[in-house]
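Worksheet for the structure shown next.
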Amino acid sequence: MDKIRIVGGTPLRGVINIGGAKNSALALMSACLLTDDILLLSNLSYLVDIVTMTSLLKHHGVSISLSNNNTSLTSHTLELNANKITNTTAPYDLVRKMRASILVLGPLLARCNQVKVSLPGGCAIGTRPVNLHLKALETMGAKIDVQGGYIIASVPSGRLIGSEIIFPHITVGGTENILMAASLADGKTIITNAAREPEVCDLANCLVAMGAKIVGIGTSTLHIEGVDRLYGAQYSIIPDRIETGTYAIAAAITRGNIELIGARRDTIQSVEKVLIESGVEISETPLGIRVNAYDRRIVGVDIMTEPYPGFPTDMQAQLMALMTTAEGASMITETLFENRFMHVPELLRMGAKINVHGSSAIIRGVQKLSGAPVMATDLRASGSLVLAGLIADGETIINRIYHLDRGYERVEEKLAACGANINRIKDSS
Ligand code: EPZ
(Lines give C-alpha, C1' and ligand atoms only; values in the text may rest on other atoms or scores of the structure.)
Protein backbone atom coordinates (compact mmCIF):
# COMPACT_ATOMS: atom_id res chain seq x y z
CA MET A 1 0.00 0.00 0.00
CA ASP A 2 1.30 3.45 -0.92
CA LYS A 3 2.36 5.88 1.79
CA ILE A 4 2.94 9.62 1.85
CA ARG A 5 6.05 11.14 3.43
CA ILE A 6 6.01 14.76 4.58
CA VAL A 7 8.68 16.87 6.25
CA GLY A 8 6.81 19.78 7.78
CA GLY A 9 7.60 23.43 8.39
CA THR A 10 7.37 25.19 5.02
CA PRO A 11 4.81 27.99 4.63
CA LEU A 12 3.02 27.16 1.36
CA ARG A 13 3.01 29.71 -1.43
CA GLY A 14 1.62 29.48 -4.95
CA VAL A 15 -1.53 28.34 -6.73
CA ILE A 16 -3.61 25.17 -6.57
CA ASN A 17 -6.20 24.18 -9.21
CA ILE A 18 -9.46 23.00 -7.66
CA GLY A 19 -11.08 20.04 -9.44
CA GLY A 20 -14.72 19.08 -9.96
CA ALA A 21 -16.67 18.02 -6.86
CA LYS A 22 -16.41 14.28 -6.07
CA ASN A 23 -19.80 14.16 -4.35
CA SER A 24 -21.43 15.93 -7.27
CA ALA A 25 -19.77 13.77 -9.92
CA LEU A 26 -20.94 10.52 -8.27
CA ALA A 27 -24.59 11.64 -8.33
CA LEU A 28 -24.32 13.09 -11.86
CA MET A 29 -22.80 9.84 -13.12
CA SER A 30 -25.74 7.82 -11.77
CA ALA A 31 -28.13 10.28 -13.46
CA CYS A 32 -26.96 8.88 -16.83
CA LEU A 33 -29.13 5.83 -16.08
CA LEU A 34 -32.25 7.99 -16.50
CA THR A 35 -31.84 8.47 -20.27
CA ASP A 36 -30.89 6.48 -23.37
CA ASP A 37 -29.07 9.54 -24.73
CA ILE A 38 -25.46 10.54 -24.07
CA LEU A 39 -24.60 12.49 -20.90
CA LEU A 40 -21.33 14.45 -21.12
CA LEU A 41 -19.78 15.55 -17.80
CA SER A 42 -16.84 17.99 -17.82
CA ASN A 43 -14.57 19.37 -15.08
CA LEU A 44 -14.33 15.86 -13.65
CA SER A 45 -11.61 15.04 -11.11
CA TYR A 46 -9.92 11.69 -11.68
CA LEU A 47 -10.45 9.94 -8.32
CA VAL A 48 -10.66 6.35 -7.10
CA ASP A 49 -14.34 6.83 -6.23
CA ILE A 50 -15.00 7.93 -9.84
CA VAL A 51 -13.28 4.77 -11.10
CA THR A 52 -15.41 2.68 -8.72
CA MET A 53 -18.64 4.31 -9.92
CA THR A 54 -17.48 3.81 -13.53
CA SER A 55 -17.03 0.07 -12.86
CA LEU A 56 -20.50 -0.17 -11.33
CA LEU A 57 -22.17 1.67 -14.22
CA LYS A 58 -20.32 -0.47 -16.77
CA HIS A 59 -21.63 -3.52 -14.88
CA HIS A 60 -25.14 -2.19 -15.55
CA GLY A 61 -24.29 -1.95 -19.28
CA VAL A 62 -23.43 1.75 -19.50
CA SER A 63 -20.73 2.58 -22.05
CA ILE A 64 -18.31 5.12 -20.62
CA SER A 65 -15.30 6.93 -22.03
CA LEU A 66 -12.96 9.26 -20.19
CA SER A 67 -10.92 11.95 -21.92
CA ASN A 68 -8.41 14.40 -20.59
CA ASN A 69 -9.42 18.01 -21.10
CA ASN A 70 -6.79 19.42 -23.51
CA THR A 71 -6.58 22.75 -21.76
CA SER A 72 -5.40 21.43 -18.38
CA LEU A 73 -4.45 18.21 -16.66
CA THR A 74 -6.67 19.03 -13.73
CA SER A 75 -9.96 18.24 -15.40
CA HIS A 76 -11.35 15.42 -17.47
CA THR A 77 -14.51 14.76 -19.46
CA LEU A 78 -16.68 11.68 -19.06
CA GLU A 79 -19.09 10.48 -21.75
CA LEU A 80 -21.79 8.13 -20.44
CA ASN A 81 -24.32 6.26 -22.58
CA ALA A 82 -26.98 4.16 -20.85
CA ASN A 83 -29.02 3.34 -23.96
CA LYS A 84 -28.65 -0.37 -23.13
CA ILE A 85 -29.10 -1.31 -19.46
CA THR A 86 -28.20 -5.00 -19.43
CA ASN A 87 -28.11 -5.66 -15.68
CA THR A 88 -30.10 -4.12 -12.84
CA THR A 89 -28.15 -5.71 -9.99
CA ALA A 90 -25.53 -3.71 -8.08
CA PRO A 91 -23.43 -6.48 -6.51
CA TYR A 92 -21.95 -6.51 -3.01
CA ASP A 93 -18.34 -6.67 -4.21
CA LEU A 94 -18.78 -3.34 -6.01
CA VAL A 95 -21.14 -1.58 -3.59
CA ARG A 96 -19.03 -2.39 -0.51
CA LYS A 97 -16.16 -0.35 -2.00
CA MET A 98 -18.22 2.83 -2.08
CA ARG A 99 -21.48 3.63 -0.29
CA ALA A 100 -22.45 6.18 -2.94
CA SER A 101 -23.31 3.15 -5.11
CA ILE A 102 -26.74 3.41 -3.48
CA LEU A 103 -27.32 6.32 -5.89
CA VAL A 104 -28.10 3.84 -8.71
CA LEU A 105 -31.21 2.72 -6.79
CA GLY A 106 -33.50 5.63 -7.69
CA PRO A 107 -32.57 5.96 -11.37
CA LEU A 108 -32.61 2.21 -12.10
CA LEU A 109 -36.03 1.86 -10.41
CA ALA A 110 -37.42 4.82 -12.38
CA ARG A 111 -35.98 3.62 -15.70
CA CYS A 112 -36.32 -0.20 -15.40
CA ASN A 113 -38.99 -0.68 -12.68
CA GLN A 114 -36.78 -3.22 -10.98
CA VAL A 115 -33.42 -3.17 -9.22
CA LYS A 116 -31.38 -5.22 -6.78
CA VAL A 117 -28.76 -3.24 -4.87
CA SER A 118 -26.52 -4.58 -2.14
CA LEU A 119 -27.10 -2.77 1.13
CA PRO A 120 -24.10 -0.43 1.29
CA GLY A 121 -23.39 -1.34 4.89
CA GLY A 122 -21.61 1.01 7.22
CA CYS A 123 -18.20 2.52 6.91
CA ALA A 124 -15.52 3.79 9.26
CA ILE A 125 -17.49 6.94 10.16
CA GLY A 126 -20.82 5.38 10.94
CA THR A 127 -23.59 2.85 10.29
CA ARG A 128 -24.88 4.97 7.39
CA PRO A 129 -28.41 3.46 7.06
CA VAL A 130 -30.49 4.04 3.92
CA ASN A 131 -33.91 3.62 5.55
CA LEU A 132 -35.01 7.12 4.49
CA HIS A 133 -34.22 6.35 0.81
CA LEU A 134 -36.29 3.14 0.97
CA LYS A 135 -39.26 4.66 2.82
CA ALA A 136 -39.48 7.51 0.31
CA LEU A 137 -39.40 5.13 -2.66
CA GLU A 138 -42.13 2.99 -1.06
CA THR A 139 -44.24 6.14 -0.71
CA MET A 140 -43.80 6.56 -4.48
CA GLY A 141 -45.20 3.06 -5.11
CA ALA A 142 -42.09 0.90 -5.01
CA LYS A 143 -42.28 -2.60 -3.47
CA ILE A 144 -39.11 -3.05 -1.43
CA ASP A 145 -37.77 -6.17 0.31
CA VAL A 146 -34.45 -6.50 2.07
CA GLN A 147 -33.08 -10.03 1.82
CA GLY A 148 -29.63 -11.53 2.13
CA GLY A 149 -28.00 -8.12 2.38
CA TYR A 150 -29.72 -6.88 -0.77
CA ILE A 151 -32.42 -4.29 -1.42
CA ILE A 152 -34.84 -5.88 -3.91
CA ALA A 153 -37.14 -3.23 -5.36
CA SER A 154 -39.78 -3.21 -8.07
CA VAL A 155 -42.66 -1.03 -9.27
CA PRO A 156 -45.75 -3.27 -9.61
CA SER A 157 -47.82 -0.49 -11.23
CA GLY A 158 -45.18 -0.03 -13.94
CA ARG A 159 -44.30 3.57 -13.02
CA LEU A 160 -43.39 5.42 -9.80
CA ILE A 161 -46.04 7.87 -8.65
CA GLY A 162 -45.30 11.49 -7.77
CA SER A 163 -45.82 11.87 -4.01
CA GLU A 164 -45.31 14.11 -0.98
CA ILE A 165 -41.98 13.10 0.61
CA ILE A 166 -41.10 14.56 4.00
CA PHE A 167 -37.61 13.62 5.24
CA PRO A 168 -37.60 13.48 9.08
CA HIS A 169 -33.98 14.59 8.93
CA ILE A 170 -31.84 15.85 6.11
CA THR A 171 -30.19 13.25 3.87
CA VAL A 172 -28.01 14.20 0.89
CA GLY A 173 -28.16 10.78 -0.77
CA GLY A 174 -31.83 10.34 0.03
CA THR A 175 -32.66 13.70 -1.57
CA GLU A 176 -30.58 12.77 -4.62
CA ASN A 177 -32.18 9.34 -5.07
CA ILE A 178 -35.69 10.81 -4.85
CA LEU A 179 -34.81 13.73 -7.15
CA MET A 180 -33.75 11.25 -9.82
CA ALA A 181 -36.66 8.84 -9.25
CA ALA A 182 -39.24 11.66 -9.23
CA SER A 183 -37.93 13.12 -12.49
CA LEU A 184 -39.48 10.17 -14.38
CA ALA A 185 -42.43 9.49 -12.03
CA ASP A 186 -46.08 9.95 -12.98
CA GLY A 187 -47.19 13.28 -11.54
CA LYS A 188 -45.78 15.75 -9.04
CA THR A 189 -43.40 15.03 -6.16
CA ILE A 190 -42.73 17.49 -3.35
CA ILE A 191 -39.65 16.84 -1.23
CA THR A 192 -39.85 18.62 2.13
CA ASN A 193 -36.72 19.00 4.31
CA ALA A 194 -34.58 18.34 1.23
CA ALA A 195 -30.78 18.63 1.47
CA ARG A 196 -29.48 21.93 0.08
CA GLU A 197 -25.82 20.95 -0.44
CA PRO A 198 -24.27 22.46 -3.62
CA GLU A 199 -23.83 18.90 -4.91
CA VAL A 200 -27.60 18.32 -4.62
CA CYS A 201 -28.20 21.58 -6.53
CA ASP A 202 -25.67 20.48 -9.15
CA LEU A 203 -27.60 17.24 -9.68
CA ALA A 204 -30.92 19.11 -9.89
CA ASN A 205 -29.48 21.59 -12.40
CA CYS A 206 -28.10 18.73 -14.52
CA LEU A 207 -31.48 16.95 -14.42
CA VAL A 208 -33.14 20.18 -15.61
CA ALA A 209 -30.60 20.32 -18.45
CA MET A 210 -31.72 16.75 -19.29
CA GLY A 211 -35.36 17.89 -19.46
CA ALA A 212 -36.55 17.40 -15.88
CA LYS A 213 -39.00 19.87 -14.37
CA ILE A 214 -37.67 20.92 -10.94
CA VAL A 215 -38.55 24.06 -8.97
CA GLY A 216 -37.05 25.24 -5.69
CA ILE A 217 -33.43 24.24 -6.35
CA GLY A 218 -31.29 25.40 -3.43
CA THR A 219 -34.20 25.47 -1.00
CA SER A 220 -35.37 22.79 1.40
CA THR A 221 -38.59 22.20 -0.59
CA LEU A 222 -38.22 20.74 -4.07
CA HIS A 223 -41.12 20.42 -6.54
CA ILE A 224 -40.59 17.87 -9.33
CA GLU A 225 -43.11 17.36 -12.16
CA GLY A 226 -42.38 13.90 -13.63
CA VAL A 227 -41.79 13.67 -17.40
CA ASP A 228 -42.02 10.69 -19.75
CA ARG A 229 -38.35 10.74 -20.73
CA LEU A 230 -35.12 12.57 -20.17
CA TYR A 231 -32.54 13.52 -22.78
CA GLY A 232 -28.78 13.76 -23.00
CA ALA A 233 -26.95 16.89 -21.88
CA GLN A 234 -23.50 18.41 -21.55
CA TYR A 235 -22.84 19.53 -17.98
CA SER A 236 -19.85 20.99 -16.12
CA ILE A 237 -19.39 19.79 -12.56
CA ILE A 238 -19.09 22.45 -9.83
CA PRO A 239 -15.71 22.87 -8.13
CA ASP A 240 -15.14 20.69 -5.07
CA ARG A 241 -15.87 22.80 -1.97
CA ILE A 242 -14.27 20.23 0.33
CA GLU A 243 -11.06 20.14 -1.71
CA THR A 244 -11.20 23.96 -1.62
CA GLY A 245 -11.60 23.97 2.17
CA THR A 246 -8.85 21.40 2.64
CA TYR A 247 -6.28 23.43 0.68
CA ALA A 248 -7.46 26.65 2.35
CA ILE A 249 -6.51 25.00 5.63
CA ALA A 250 -3.17 23.93 4.10
CA ALA A 251 -2.45 27.64 3.59
CA ALA A 252 -3.71 28.50 7.10
CA ILE A 253 -1.89 25.74 8.97
CA THR A 254 1.49 26.51 7.31
CA ARG A 255 0.95 30.28 7.68
CA GLY A 256 1.27 30.46 3.90
CA ASN A 257 -0.49 32.26 1.07
CA ILE A 258 -2.22 30.25 -1.68
CA GLU A 259 -4.56 31.12 -4.55
CA LEU A 260 -7.18 28.42 -5.13
CA ILE A 261 -7.95 28.56 -8.86
CA GLY A 262 -11.51 27.69 -9.83
CA ALA A 263 -12.82 27.77 -6.23
CA ARG A 264 -16.43 28.93 -5.84
CA ARG A 265 -16.56 31.24 -2.79
CA ASP A 266 -20.35 31.04 -2.51
CA THR A 267 -20.16 27.30 -1.68
CA ILE A 268 -17.74 27.66 1.24
CA GLN A 269 -19.27 30.53 3.20
CA SER A 270 -19.48 28.64 6.50
CA VAL A 271 -15.87 27.45 6.18
CA GLU A 272 -14.71 30.94 5.19
CA LYS A 273 -16.47 32.48 8.21
CA VAL A 274 -14.72 30.07 10.60
CA LEU A 275 -11.30 30.55 8.99
CA ILE A 276 -11.64 34.35 9.12
CA GLU A 277 -12.71 34.08 12.78
CA SER A 278 -9.54 32.02 13.42
CA GLY A 279 -7.38 34.81 11.93
CA VAL A 280 -7.01 33.83 8.25
CA GLU A 281 -7.40 36.45 5.50
CA ILE A 282 -9.59 35.34 2.56
CA SER A 283 -10.20 37.40 -0.58
CA GLU A 284 -11.68 36.96 -4.04
CA THR A 285 -9.36 36.90 -7.06
CA PRO A 286 -10.30 36.93 -10.78
CA LEU A 287 -9.59 33.18 -10.91
CA GLY A 288 -10.86 32.03 -7.51
CA ILE A 289 -9.98 32.87 -3.92
CA ARG A 290 -6.80 33.75 -2.05
CA VAL A 291 -6.13 32.34 1.43
CA ASN A 292 -3.43 34.21 3.34
CA ALA A 293 -2.16 33.37 6.81
CA TYR A 294 1.38 34.72 6.41
CA ASP A 295 2.58 36.16 9.75
CA ARG A 296 -0.94 35.94 11.21
CA ARG A 297 -2.01 34.67 14.64
CA ILE A 298 -4.34 31.69 14.31
CA VAL A 299 -6.67 31.34 17.29
CA GLY A 300 -9.01 28.57 18.42
CA VAL A 301 -12.65 28.68 17.27
CA ASP A 302 -15.68 26.58 18.26
CA ILE A 303 -17.77 24.87 15.57
CA MET A 304 -20.60 22.37 15.26
CA THR A 305 -21.06 20.44 12.02
CA GLU A 306 -24.47 20.88 10.38
CA PRO A 307 -26.16 20.19 7.04
CA TYR A 308 -25.57 22.88 4.39
CA PRO A 309 -25.30 25.85 4.69
CA GLY A 310 -23.82 25.01 8.13
CA PHE A 311 -20.21 23.97 8.71
CA PRO A 312 -19.69 20.77 6.65
CA THR A 313 -18.96 17.50 8.44
CA ASP A 314 -16.55 16.72 5.58
CA MET A 315 -14.37 19.62 6.80
CA GLN A 316 -14.41 18.69 10.51
CA ALA A 317 -11.23 16.61 10.56
CA GLN A 318 -9.31 19.20 8.54
CA LEU A 319 -10.33 22.07 10.84
CA MET A 320 -9.28 19.99 13.84
CA ALA A 321 -5.78 19.73 12.38
CA LEU A 322 -5.63 23.53 12.17
CA MET A 323 -6.86 23.89 15.74
CA THR A 324 -4.07 21.65 17.13
CA THR A 325 -1.54 24.52 16.86
CA ALA A 326 -3.95 27.46 17.16
CA GLU A 327 -3.63 29.78 20.16
CA GLY A 328 -6.04 28.86 22.94
CA ALA A 329 -8.71 26.19 23.05
CA SER A 330 -11.44 25.16 20.60
CA MET A 331 -14.41 22.83 20.64
CA ILE A 332 -15.55 20.80 17.65
CA THR A 333 -18.91 19.03 17.81
CA GLU A 334 -19.80 16.42 15.19
CA THR A 335 -23.57 16.14 14.80
CA LEU A 336 -23.99 14.10 11.60
CA PHE A 337 -21.95 10.95 12.07
CA GLU A 338 -21.45 8.86 15.17
CA ASN A 339 -17.81 7.91 14.67
CA ARG A 340 -16.03 10.69 12.85
CA PHE A 341 -13.17 11.35 15.30
CA MET A 342 -10.80 8.61 14.16
CA HIS A 343 -8.20 11.20 13.21
CA VAL A 344 -7.92 12.11 16.93
CA PRO A 345 -5.71 9.19 18.07
CA GLU A 346 -3.40 9.82 15.11
CA LEU A 347 -3.17 13.57 15.85
CA LEU A 348 -2.42 12.68 19.50
CA ARG A 349 0.54 10.60 18.25
CA MET A 350 1.85 13.82 16.72
CA GLY A 351 1.66 15.68 20.04
CA ALA A 352 -1.77 17.30 19.77
CA LYS A 353 -3.78 17.90 22.95
CA ILE A 354 -7.35 16.71 22.28
CA ASN A 355 -10.03 15.36 24.61
CA VAL A 356 -13.13 13.71 23.17
CA HIS A 357 -16.35 13.80 25.18
CA GLY A 358 -19.12 12.06 23.26
CA SER A 359 -19.72 14.00 20.04
CA SER A 360 -17.49 16.91 21.07
CA ALA A 361 -13.71 17.28 21.02
CA ILE A 362 -11.85 19.90 23.03
CA ILE A 363 -8.55 20.91 21.42
CA ARG A 364 -5.88 22.87 23.31
CA GLY A 365 -3.39 24.49 20.96
CA VAL A 366 0.25 23.41 21.29
CA GLN A 367 3.37 25.18 20.03
CA LYS A 368 4.44 22.41 17.72
CA LEU A 369 3.42 19.00 16.43
CA SER A 370 6.05 16.30 15.94
CA GLY A 371 6.23 14.17 12.82
CA ALA A 372 5.34 10.49 13.34
CA PRO A 373 4.15 7.41 11.44
CA VAL A 374 0.32 7.64 11.38
CA MET A 375 -2.57 5.67 9.89
CA ALA A 376 -5.28 7.01 7.59
CA THR A 377 -8.68 5.59 8.56
CA ASP A 378 -11.13 7.33 6.22
CA LEU A 379 -11.09 9.92 3.46
CA ARG A 380 -11.32 13.17 5.39
CA ALA A 381 -9.28 11.90 8.35
CA SER A 382 -6.44 11.23 5.90
CA GLY A 383 -6.74 14.84 4.70
CA SER A 384 -6.40 15.95 8.32
CA LEU A 385 -3.17 13.94 8.74
CA VAL A 386 -1.65 15.47 5.60
CA LEU A 387 -2.40 18.93 6.97
CA ALA A 388 -0.87 18.09 10.35
CA GLY A 389 2.21 16.68 8.62
CA LEU A 390 2.69 19.97 6.75
CA ILE A 391 3.48 21.79 9.98
CA ALA A 392 4.87 19.00 12.18
CA ASP A 393 8.55 19.10 13.11
CA GLY A 394 10.39 16.37 11.22
CA GLU A 395 9.06 13.49 9.14
CA THR A 396 5.48 12.17 9.04
CA ILE A 397 4.66 8.95 7.21
CA ILE A 398 0.97 8.47 6.44
CA ASN A 399 -0.02 4.84 5.89
CA ARG A 400 -3.08 3.47 3.98
CA ILE A 401 -3.39 6.54 1.76
CA TYR A 402 -5.78 4.67 -0.51
CA HIS A 403 -8.34 6.46 1.68
CA LEU A 404 -6.93 9.80 0.52
CA ASP A 405 -6.92 8.83 -3.16
CA ARG A 406 -10.68 8.24 -3.02
CA GLY A 407 -11.40 11.95 -2.85
CA TYR A 408 -8.28 14.00 -3.61
CA GLU A 409 -6.53 14.06 -6.99
CA ARG A 410 -2.69 14.25 -7.00
CA VAL A 411 -2.48 15.76 -3.49
CA GLU A 412 1.29 15.47 -3.22
CA GLU A 413 1.81 17.15 -6.62
CA LYS A 414 -0.52 20.05 -5.80
CA LEU A 415 1.12 20.64 -2.39
CA ALA A 416 4.70 20.13 -3.63
CA ALA A 417 4.04 22.77 -6.30
CA CYS A 418 3.45 25.22 -3.41
CA GLY A 419 6.71 24.29 -1.69
CA ALA A 420 5.70 21.42 0.55
CA ASN A 421 8.32 18.74 1.21
CA ILE A 422 5.98 15.85 0.35
CA ASN A 423 6.27 12.71 -1.77
CA ARG A 424 4.46 9.42 -2.36
CA ILE A 425 6.25 6.20 -1.42
CA LYS A 426 5.00 3.62 -3.89
CA ASP A 427 4.32 0.17 -2.45
CA SER A 428 6.88 -2.04 -4.20
CA SER A 429 5.27 -5.36 -3.09
C1 EPZ B 1 -23.12 12.46 1.67
O2 EPZ B 1 -23.25 11.19 2.28
C3 EPZ B 1 -21.65 12.62 1.29
N4 EPZ B 1 -21.28 11.56 0.34
C5 EPZ B 1 -20.78 12.52 2.53
O6 EPZ B 1 -19.43 12.77 2.12
C7 EPZ B 1 -21.21 13.63 3.51
O8 EPZ B 1 -20.45 13.51 4.69
C9 EPZ B 1 -22.71 13.48 3.82
O10 EPZ B 1 -23.47 13.52 2.59
C11 EPZ B 1 -23.22 14.61 4.72
O12 EPZ B 1 -23.00 15.84 4.10
C13 EPZ B 1 -21.63 11.70 -0.96
O14 EPZ B 1 -22.26 12.66 -1.36
C15 EPZ B 1 -21.18 10.60 -1.88
P16 EPZ B 1 -26.61 11.67 4.42
P17 EPZ B 1 -24.74 10.57 2.57
O18 EPZ B 1 -27.57 10.72 3.79
O19 EPZ B 1 -25.65 10.94 1.47
C20 EPZ B 1 -28.27 9.52 8.33
C21 EPZ B 1 -17.12 12.40 1.98
O22 EPZ B 1 -16.23 12.43 2.83
N23 EPZ B 1 -29.15 8.79 7.39
O24 EPZ B 1 -26.83 13.13 4.29
O25 EPZ B 1 -24.56 9.13 2.89
C26 EPZ B 1 -26.79 9.13 8.14
O27 EPZ B 1 -26.49 7.98 8.90
C28 EPZ B 1 -18.45 11.73 2.30
O29 EPZ B 1 -17.03 12.88 0.83
C30 EPZ B 1 -30.12 7.94 7.92
O31 EPZ B 1 -30.24 7.77 9.13
O32 EPZ B 1 -25.14 11.36 3.89
C33 EPZ B 1 -26.06 10.34 8.64
O34 EPZ B 1 -25.98 10.29 10.06
C35 EPZ B 1 -18.46 11.10 3.68
N36 EPZ B 1 -30.94 7.26 7.05
C37 EPZ B 1 -26.98 11.51 8.25
O38 EPZ B 1 -28.28 10.91 8.02
C39 EPZ B 1 -30.84 7.42 5.69
O40 EPZ B 1 -31.63 6.79 4.95
C41 EPZ B 1 -26.55 12.24 6.99
O42 EPZ B 1 -26.45 11.26 5.96
C43 EPZ B 1 -29.84 8.28 5.19
C44 EPZ B 1 -29.01 8.96 6.05
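The values are calculated or read from the model by the stated rules, or taken from the named source; none is laboratory data. It should be emphasised that the depicted structure is a prediction, and the values quoted were computed from it without experimental measurement. Reconstructed Cβ throughout: ideal geometry from the backbone, glycine too, with neighbour counts over all protein chains shown. Accessible surface areas use protein heavy atoms only, side chains included; no ligands, DNA or RNA. Shrake-Rupley method; radii C 1.70, N 1.55, O 1.52, S 1.80 Å.
Taking the residues in segment 389-409 that are buried (at least 22 other Cβ atoms within 10 Å of the Cβ) and of a type in the set (Ser, Thr, Tyr) as candidates, determine which candidate is nearest to residue 318 (Cα to Cα). Per the stated criteria, the residue is 408. Scanning segment 217-235 for residues that are under 26 Å from the mean Cα position of the chain (by Cα), of a type outside the set (Phe, Trp, Tyr) and open to solvent by 20 Å² or more (accessible area, probe 1.4 Å) yields 217, 218, 219, 220, 221, 223, 232, 234. Here 251, 326, 317 are screened, and the one residue that is open to solvent by less than 30 Å² (accessible area, probe 1.4 Å) and out of contact with any strand residue (DSSP E or B) (no Cβ under 7 Å at 6 or more places or on another chain) is 317.
Set side by side, the residues 369, 387 differ, and just one is within 16 Å of the ligand (Cβ to nearest atom) and under 21 Å from residue 294 (Cα atoms), which is 387.
Which residues, counting only those in segment 22-66, are aliphatic (A, V, I, L, M) and open to solvent by 20 Å² or more (accessible area, probe 1.4 Å)? Residues satisfying the conditions are 38, 40, 48, 51, 64, 66. Every condition in (1) more than 16 Å from the ligand (Cβ to nearest atom); (2) at positive phi is met by residue 128 except one, and the failing one is (1). Condition check for residue 412 on (1) free of Cβ contacts under 8 Å to residues at least 60 places away in the same chain; (2) part of a helix (DSSP H, G or I); (3) surrounded by fewer than 24 Cβ atoms within 10 Å (Cβ to Cβ): one failure, at (1). Within segment 206-248, the set of residues being in a strand (DSSP E or B) and farther than 29 Å from residue 317 by Cα comprises 213, 214, 215, 221, 222, 223, 224, 225, 233, 234, 235.
Of all residues in segment 353-388, those satisfying the criterion of being under 22 Å from residue 47 (Cα atoms) and open to solvent by less than 20 Å² (accessible area, probe 1.4 Å) are 376, 378, 380, 381, 382, 383, 384, 385, 386, 387.
Taking residue 356 as the residue in question, decide whether it is β-branched (Val, Ile, Thr), more than 22 Å from the chain's Cα centre (by Cα) and in a loop (DSSP other than H, G, I, E, B). No; evaluated as a whole, the condition is false for this residue. Residues in segment 152-177 that are crowded, with 23+ Cβ neighbours inside 10 Å and either small (Gly, Ala, Ser) or part of a strand (DSSP E or B) (or both) were compared, and the one that is nearest to the ligand (Cβ to nearest atom) is 173. Keeping to segment 178-198, report how many residues are within 15 Å of the ligand (Cβ to nearest atom) and either under 14 Å from residue 221 (Cα atoms) or in a loop (DSSP other than H, G, I, E, B) (or both). Final tally of qualifying residues: 8. Based on this model, can you work out whether residue 296 counts as touching a Gly at 6+ places or on another chain (Cβ under 9 Å), more than 22 Å from residue 173 (Cβ to Cβ) and open to solvent by 10 Å² or more (accessible area, probe 1.4 Å)? Spelling it out, residue 296 is indeed touching a Gly at 6+ places or on another chain (Cβ under 9 Å), more than 22 Å from residue 173 (Cβ to Cβ) and open to solvent by 10 Å² or more (accessible area, probe 1.4 Å). Criterion first (part of a helix (DSSP H, G or I), charged (D, E, K, R), touching a residue at least 12 places away in the same chain (Cβ under 8 Å) and open to solvent by 10 Å² or more (accessible area, probe 1.4 Å)) does residue 111 satisfy it? Considered against the rule, which asks whether it is part of a helix (DSSP H, G or I), charged (D, E, K, R), touching a residue at least 12 places away in the same chain (Cβ under 8 Å) and open to solvent by 10 Å² or more (accessible area, probe 1.4 Å), residue 111 comes out as yes. Of the residues making up segment 268-293, those that are open to solvent by 10 Å² or more (accessible area, probe 1.4 Å) and among the polar types (S, T, N, Q) are 269, 270, 283, 285, 292.
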